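See structure below.
Every number in this text was worked out from the coordinates using simple rules, so none of it is lab data. Just so you know, these numbers come straight off a predicted model, no measurement behind them. Methodologically, a virtual Cβ is constructed for each residue, glycine included, from the backbone with ideal geometry; neighbour enumeration extends over all protein chains shown.
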Amino acid sequence: MSDMTPRIHDVRYNAVEQCFEALVTLHTPGGRVRVASQFDAPMTTDFEAASRGLLNAALIGLSDRSALKSREMRKPIMPPRRVGDMSHAA
C-alpha cells in the first residue's frame, strides 16, 4: 500500500507578502494533485502552525477552479500498444 499522507514541499517565507508558501501534494481517487499553497502569517509563526495553514489552504485550493495545481494521472494497468505491434495477431 502506498503512503497517502499529504506532503508539504519546500516551505518558504515571502517577506514581501508576509506569508508562507509551499507546494502541497494531496492524494485523491484520481491520482496525486499538487497545489500551490499560501498561508498569511507573521514570520514568527511556528512551523507546525504554518504547516497546518498551508495544508488547509491546499485543501481549499483543491476545489477552487482558479487555484494553481497540477494533477498526476494514475498509470494505466496495461501500457498502450505501439503502432505496428502485431503481437496480438495469430
**Complete:** Burial-style ranking of 26-36, 50-60, 10-20, average other-beta-carbon count within 10 Å with highest first, yields 50-60, 26-36, 10-20
**Asked** Which residues' amide hydrogens lie under 5 Å from the amide hydrogen of residue 41, considering only partners 5 or more residues apart or on another chain, with H built in the peptide plane?
**Response** 19, 20
**Complete:** For segment 26-39, Karplus-derived ³J(HN,Hα) couplings (6.51, -1.76, 1.60; θ = phi - 60°; whole Hz; x for glycine and proline) come out as 10, 9, 10, x, x, x, 6, 10, 9, 10, 6, 10, 9, 10
